[in-house]
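Peer 1: Before anything else, here's the structure in question.
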Amino acid sequence: MDLSPGERFPDLDLPDHTGRSRRLSELAGGDPLVLITSRGWVSQGATYLGELVRIQDEFEVAYTRIVVISVDQLEVQPAFRAGLGARFAFLSDAERRWIESLGLVEVTDTLHHPYRPAAFTLSPDLTIHGVYNGYWYWGRATMEELRRDMRSISRAIRDEWEVPAA
């Protein structure tokens with residue numbers, strides 16, 4: 001599966017933190033989307049997700065979405081999400097239905113087999129704008145990089161973006 005900029009990200013169908021089956025396109029709801037794959041509740045993941053929580057207000061007023069995917073069980077995700085103070089969706093791939101076909105298996109943790117941390121910035125139709133490999137913490141997208149990608153996508157899809165010439 002090609003997860004390069006310009007390609008379309010698969011329209012995953014996974015249960016959210018409430019147990020309800022959701023499609024990625026449904027969660028995008030016609031807006032740009034940041035998709036984060038996470039190791040789950042481990043410390044590095046919690047630190048990075050905490051940064052996303054700090055900018056979630058900006059994402060909400062800018063009509064952009066954040067979605068997190070991990071292999072955490074449905075019993076763990078709501079507590080983890082609440083503990084972070086996150087309002088964005090968490091999807092559970094506890095059955096590991098998508099992890100291998102996406103090529104995002106974290107190969108050094110052979111006990112839990114989590115997702116390799118990554119970030120994808122997506123247009124509403126799930127076209128990939130940016131890809132960030134977060135295996136090493138400094139490879140993860142900074143909040144400023146996410147803002148820039150969301151601005152670029154929004155500029156491309158929002159008719160009202162440019163001010164009409166007088």
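Peer 1: Taking loop as defined by DSSP and a crowding limit of 12 other beta carbons within 10 Å, which GluC sites (Glu not before Pro) in the range 83-121 fit?
Peer 2: Of the GluC sites (Glu not before Pro), the ones in loops of the range 83-121 whose Cβ has at most 12 other Cβ atoms within 10 Å are 95, 100.
Peer 1: Compute the accessible area per residue over the chain, keeping the other protein chains in place, probe 1.4 Å, unit Å².
Peer 2: That works out to 52 Å² per residue.
Peer 1: For the range 22-96, give the percent of accessible area contributed by carbon and sulfur heavy atoms, probe 1.4 Å, rounded to a whole number.
Peer 2: 53 percent
Peer 1: Around residue 89, which amide H atoms from residues at least 5 apart in sequence, or from another chain, sit under 5 Å from its own amide H, with H modelled in the peptide plane?
Peer 2: Here 66, 68 satisfy the definition.
Peer 1: Still on this structure, I have one more. Please calculate the 1.4 Å probe accessible area of residue 61, with all protein chains present, and give it to the nearest 10 Å².
Peer 2: My reading of the accessible area for residue 61 is about 120 Å².
Peer 1: Okay, next question. Before rounding to the nearest 500, sum -39500 (n - 2.57) across all DSSP H runs of length at least 4 in the chain and divide by the residue total; then give [θ] at 222 nm in deg cm²/dmol.
Peer 2: After summing the helix terms and dividing by the residues of the chain, the value is -8000 deg cm²/dmol.
Peer 1: Do you know the relative contact order of the range 1-159, to the nearest whole percent, from alpha carbon pairs under 8 angstrom that are 6+ apart?
Peer 2: 30 percent
Peer 1: Sticking with this one: Can you tell me the convex hull volume per residue for the chain, based on C-alpha atoms, in Å³ to the nearest whole number?
Peer 2: With only Cα atoms used, the chain gives 111 Å³ per residue.
Peer 1: Rank by packing, highest mean first: peptides 141-153, 16-28, with packing defined as the count of other Cβ atoms within 10 Å averaged across residues.
Peer 2: Taking the mean over residues of other Cβ atoms within 10 Å, the ranking is 141-153, 16-28.
Peer 1: I need two numbers for the range 1-92: Rg to one decimal and Dmax as a whole number, Cα atoms only, in Å.
Peer 2: Cα radius of gyration and Dmax of the range 1-92 are 12.9, 36 Å respectively.
Peer 1: Could you put 13, 159 in order of accessible surface area, largest first, with the 1.4 Å probe and the full protein assembly present?
Peer 2: These residues rank, largest area first, as 159, 13.
Peer 1: Additional query: Top to bottom by accessible area (1.4 Å), largest first, where do 98, 136, 161, 41 land?
Peer 2: Sorted by accessible area, descending: 136, 41, 161, 98.
The values are calculated or read from the model by the stated rules, or taken from the named source; none is laboratory data. Since the structure is predicted, the reported quantities are computational estimates derived from the model, not experimental observations. Glycine gets a Cβ as well: all are built from the backbone with ideal geometry, and neighbour counts include every protein chain shown. Side chains included, ligands, DNA and RNA excluded: accessible areas come from the protein's heavy atoms. Shrake-Rupley method; radii C 1.70, N 1.55, O 1.52, S 1.80 Å.
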